[in-house]
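What follows is a single structure, written as structure tokens, with notes after it.
The values are calculated or read from the model by the stated rules, or taken from the named source; none is laboratory data. Because the structure is predicted, anything quoted here is derived from the model rather than measured. Ideal geometry is used to build each Cβ from the backbone, glycine not excepted, and the neighbour counts take in all protein chains shown.
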Ligand code: ARG
């Protein structure tokens, strides 16, 4: 029964009971994602209304008991309706009669839904941020084992200079670290309460917006009531952050896919797949799906921006279409981040293949040019000598032949021997990939000592970020406990 409103629902009266467009209007199915959020928002609002003497304590108790019942029954039992907000209110009225309708005093579905979205998105942002921590730990742990494992470094996907597995992986740790930062920034701007803005123009009731914000674990309120119901830029920010993170992940996945192709790396069976026809195949499907997730996330960001572009103030129903995709993409991003971390943590690096490949394609050429420049030649002349020699060097790992070719190039370019500038021993060292890496100890460079120091800083940055996430989580848990205790005092 919806006494007072029969035969319609709480919000829709007879005239608006809906015709063919009813289903098109309804967000009830998608609202499952904010069912828990809406119950919390209802509870906080009712507690505040009672505290402000806007509803009587007894009525508040009846509403809060009905909400517990609605929660236990679950989203699936809600009667058809325009959305979860209306359906929950209807369910409360069905249980306790027209007094249930007092729950919606001094608010609108506009501020209600905006609050629910932020409440739910906080969880998603924290979950993805936690996944980035696990991935960064996996990258750093693997780096720790491979500080001295030389490998080819590429530009344009051509052998460029030798580096190490640790340096390569830590480059991704740095990038993912910035993603953690973006997620926390997005969280802090999301974590403000629009509740109490009502339709957009505030309310004459003596509500306490700060109190509902506090009960829901928000850091404060979105002050301007028109901004509070209209703003969805926090969704843009979340979607942009998810897109950025997946683009970073797609690069990591691509590198690892190329490395499996070159035999540098073997994925654990748990992170590989096979072919239904070719029995010998071991395919990096999990990494391909990780790479592919970027397409979903970029599409989502584009969708959010496009839906919001040009919307007038204050509330427009277009907004209903914006958030569900962001929640969905958050799940995709979280899974992709988890899988990337698992793949990194369990993969086997073939150190011999890697170090044999490290010198391929005369990757030590820059080091030779650096050596000549350090001996006093202008870098441009040094570059010219080495470039001249490089044309006829296939395999610089044959040190003696390479040295002779370089010397001949110096004669051609300078008209004098290379060995007037450098010792043979130093030249041979420059041609050794491991020595080449060890020499590049400038800040942030791949020399093992430099990377070891970097790992110590990374460890502490990860710990700091992990505790920032935990602090925010604790804040939410505390608020939930406070709200539960308040609710318990009424029922
Ligand atoms: N289901 C709606 C949404 O998600 C709730 C707000 C409805 N507000 C309104 N004025 N019709 O946006």
Among the residues of region 310-327, write down those that are surrounded by 13 or more Cβ atoms within 10 Å (Cβ to Cβ), farther than 14 Å from residue 116 by Cβ and more than 9 Å from the ligand (Cβ to nearest atom). 311, 314, 325
Output the residues belonging to region 92-128 that are more than 16 Å from residue 200 (Cβ to Cβ), more than 28 Å from the chain's Cα centre (by Cα) and surrounded by 24 or more Cβ atoms within 10 Å (Cβ to Cβ). 92, 93, 100, 103
Inside region 358-459, counting only helices (runs of 4 or more DSSP H) that do not spill past its ends, which hold 2 or more residues that are farther than 19 Å from residue 164 by Cα? 365-374, 379-390, 399-414, 424-430
Among the listed residues 177, 196, 181, which satisfies the condition of being within 16 Å of the ligand (Cβ to nearest atom) and either buried (at least 21 other Cβ atoms within 10 Å of the Cβ) or under 11 Å from the mean Cα position of the chain (by Cα) (or both)? 196
Could we say that residue 331 is under 23 Å from residue 124 (Cβ atoms) and either touching a strand residue (DSSP E or B) at 6+ places or on another chain (Cβ under 7 Å) or more than 16 Å from the ligand (Cβ to nearest atom) (or both) here? yes
Looking at region 58-75, is at least one residue within 16 Å of the ligand (Cβ to nearest atom), free of Cβ contacts under 8 Å to residues at least 60 places away in the same chain and within 32 Å of the chain's Cα centre (by Cα)? yes
For residue 121, indicate whether it is more than 14 Å from the ligand (Cβ to nearest atom) and closer than 23 Å to residue 210 by Cβ. no
Condition (residue is under 30 Å from residue 265 (Cα atoms) and either touching a residue at least 60 places away in the same chain (Cβ under 8 Å) or surrounded by fewer than 17 Cβ atoms within 10 Å (Cβ to Cβ) (or both)) applied to region 386-395: is it met by at least one residue? yes
Pick from 336, 345, 340, 358: which is more than 16 Å from the ligand (Cβ to nearest atom), within 19 Å of residue 238 (Cα to Cα) and either surrounded by 17 or more Cβ atoms within 10 Å (Cβ to Cβ) or under 23 Å from the mean Cα position of the chain (by Cα) (or both)? 336
Test of understanding: among 84, 92, which residue is under 26 Å from residue 25 (Cα atoms), more than 16 Å from the ligand (Cβ to nearest atom) and at pLDDT 95 or above? 92
Lone qualifier among 66, 72 - being part of a helix (DSSP H, G or I) and either surrounded by fewer than 18 Cβ atoms within 10 Å (Cβ to Cβ) or at pLDDT below 95 (or both): 72
Check region 278-290 and report whether any residue there is more than 23 Å from residue 153 (Cα to Cα), touching a residue at least 40 places away in the same chain (Cβ under 8 Å) and either more than 23 Å from the chain's Cα centre (by Cα) or loosely packed, with under 15 Cβ neighbours inside 10 Å (or both). no
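One line per residue, one yes/no per condition, for (1) touching a strand residue (DSSP E or B) at 6+ places or on another chain (Cβ under 6 Å); (2) closer than 18 Å to residue 108 by Cβ; (3) not in a helix (DSSP H, G or I):
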{"residue": "201", "(1), (2), (3)": "no, yes, yes"}
{"residue": "235", "(1), (2), (3)": "no, no, no"}
{"residue": "241", "(1), (2), (3)": "no, no, no"}
{"residue": "281", "(1), (2), (3)": "no, no, yes"}
{"residue": "290", "(1), (2), (3)": "no, no, no"}
Is it fair to say residue 135 is closer than 30 Å to residue 440 by Cα and buried (at least 24 other Cβ atoms within 10 Å of the Cβ)? yes
Could you tell me whether residue 53 is within 16 Å of the ligand (Cβ to nearest atom) and either more than 30 Å from residue 349 (Cα to Cα) or in contact with a helix residue (DSSP H, G or I) (Cβ under 8 Å, 6 or more places away or on another chain) (or both)? no
Within 20 Å of residue 35 (Cα to Cα) and either at pLDDT 95 or above or outside any helix (DSSP H, G or I) (or both), is that true of residue 136? no
Exactly one condition in (1) under 30 Å from residue 466 (Cα atoms); (2) more than 16 Å from the ligand (Cβ to nearest atom) is not met by residue 39; state its number. (2)
(1) touching a helix residue (DSSP H, G or I) at 6+ places or on another chain (Cβ under 8 Å); (2) surrounded by fewer than 24 Cβ atoms within 10 Å (Cβ to Cβ): which one isn't true of residue 163, the others all being true? (2)
Limited to region 139-178, what total is found for residues that are out of contact with any strand residue (DSSP E or B) (no Cβ under 7 Å at 6 or more places or on another chain) and not in a helix (DSSP H, G or I)? 4
Read through the list (1) under 25 Å from residue 26 (Cβ atoms); (2) assigned to a helix (DSSP H, G or I), then give the number of the only condition that residue 311 fails. (2)
Surrounded by fewer than 13 Cβ atoms within 10 Å (Cβ to Cβ) and within 25 Å of the chain's Cα centre (by Cα) - does that describe any residue in region 447-457? yes
